[in-house]
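> So that we are looking at the same thing, I have put the structure below in structure tokens.
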Amino acid sequence: MKTPAASRKAGPYLIQRAYKLLFARFGPQHWWPGDTPFEIMVGAILTQNTNWRNVSRAIDNIKEKRLLEPKRLYEQRHLIPSLITPSGFYRLKSKRLTAFLKYFIEHYDADINKMKRVPTARLRRELLGVPGIGHETADSILLYAVKRPVFVVDAYTRRIFSRHSLFDSNPGYEEIRALFERHVPHRPKLYNEYHALIVRCAKEFCKKNEPRCTDCPLNAV
């Protein structure tokens with residue numbers, strides 16, 4: 001896989017130093033929200049193009065109907081659009097969630113333990129084959145629900161590290177993921193923490209408009 005040119009020179013130092021600075025400023029983030037692996041999976045699908053507050057409201061609706069269980073939710077899939085309306089794009093997301101439920105039930109009998117027995121590469125290919133499941137969503141499921149050392153790349157990751165010149169081009173998702181996985185030890189808990197710290201830094205300091213660079217913990221990177 002092609003490596004972004006800037007990373008060949010400064011990638012390891014920048015990636016490792018950034019984590020230390022973020023953790024020193026923010027401490028452990030205790031992420032991702034969710035009481036069960038299945039709730040995390042649902043959240044990963046619903047969080048596309050919206051904020052977590054809206055996703056939480058949608059999940060609460062599912063819980064109130066006592067449907068936060070794969071087979072039960074699939075049996076009552078006609079209710080999904082109305083239940084997840086707060087998450088936005090509810091018609092599209094209901095199709096994606098239904099497709100995932102079908103896959104999860106047919107392939108693993110809705111059993112996360114059976115899913116955990118499958119090698120990461122194969123499981124990732126399967127998830128990417130589910131209609132509407134993209135790289136970020138698949139990797140979020142793998143990392144947070146299945147506990148695999150897969151680094152999740154989101155818009156915040158690209159924004160922060162582009163501004164710090166980790167890339168000298170516009171690399172694709174897989175290039176960025178591979179870059180982080182080469183330079184960060186393969187531990188799910190560490191990947192979880194790093195991703196959460198990136199999100200917090202982007203929301204508080206590395207904003208899309210009017211970034212607070214002077215006060216940013218990565219100002220010393």
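> Evaluate the charge dipole of the chain about its Cα centre and quote only its size in Debye, nearest 20, assuming +1 on the Cβ of each Lys and Arg and -1 on the Cβ of each Asp and Glu.
It comes to approximately 200 debye.
> Follow-up question, since we're still on this one. Do the sum for the chain: with -39,500 (n - 2.57) for every DSSP H run of n ≥ 4, divided by all residues, what is the mean residue ellipticity at 222 nm, to the nearest 500 deg cm²/dmol?
After summing the helix terms and dividing by residue count, I get -17500 deg cm²/dmol.
> Under the Karplus relation 6.51 cos²θ - 1.76 cosθ + 1.60, θ = phi - 60°, what is the ordered set of whole-Hz ³J(HN,Hα) values for the range 97-110, x standing for Gly and Pro?
For the range 97-110, the Karplus curve yields 5, 5, 4, 5, 4, 4, 4, 4, 6, 5, 8, 10, 6, 6 Hz.
> If eta is 0.890 mPa s and T is 25 °C, what Stokes-Einstein diffusion coefficient results for the chain, Kirkwood Rh from Cα pairs, in µm²/s?
134 µm²/s
> Give a residue-ordered list of calculated ³J(HN,Hα) values for the range 66-83 (Karplus: 6.51 cos²θ - 1.76 cosθ + 1.60, θ = phi - 60°; whole Hz; x for Gly, Pro).
Those phi angles translate into 6, 10, 7, 8, x, 5, 5, 5, 5, 4, 9, 4, 5, 8, 4, x, 6, 6 Hz.
> So which lysines pass the test for Lys207, namely a Cα distance under 30 Å, with those fewer than 8 places away in the same chain ruled out?
Lys2, Lys9, Lys20, Lys93, Lys147, Lys189
> Explain nothing, just compute: Karplus ³J(HN,Hα) = 6.51 cos²θ - 1.76 cosθ + 1.60, θ = phi - 60°, for every residue of the range 207-217 in order, whole Hz, x for Gly and Pro.
Working through the residues one at a time gives 6, 4, 10, 6, x, 9, 5, 4, 8, 5, x Hz.
> Counting each pair of different Cα atoms once, what's the Kirkwood radius of the range 6-69 in Å, rounded to one decimal?
14.4 Å
> Follow-up question, since we're still on this one. If exposed chymotrypsin sites (Phe, Trp or Tyr not before Pro) are those in a DSSP loop with at most 15 other Cβ within 10 Å, what is the longest stretch of the chain that has none?
Here the longest run is 90-221.
> Output the relative contact order of the range 37-145, whole-number percent, from Cα pairs under 8 angstrom with separation of 6+ residues.
Working: 110 pairs, mean separation 35.4, N = 109.
Once normalised by length, the contact order is 32 percent.
> Among Ser169, Asn192, Phe26, flag the residue with its Cα farthest along the positive direction of the charge dipole of the chain, charges on Cβ as +1 for Lys/Arg and -1 for Asp/Glu.
So the residue we want is Ser169.
Taken together, the values in this text are just the output of simple stated rules run on the coordinates, not laboratory data. Treat the numbers as computed from the prediction; the structure is a model and nothing was measured. For neighbour counting, all protein chains shown are included, and Cβ atoms are generated from backbone atoms with ideal geometry for every residue, glycine included.
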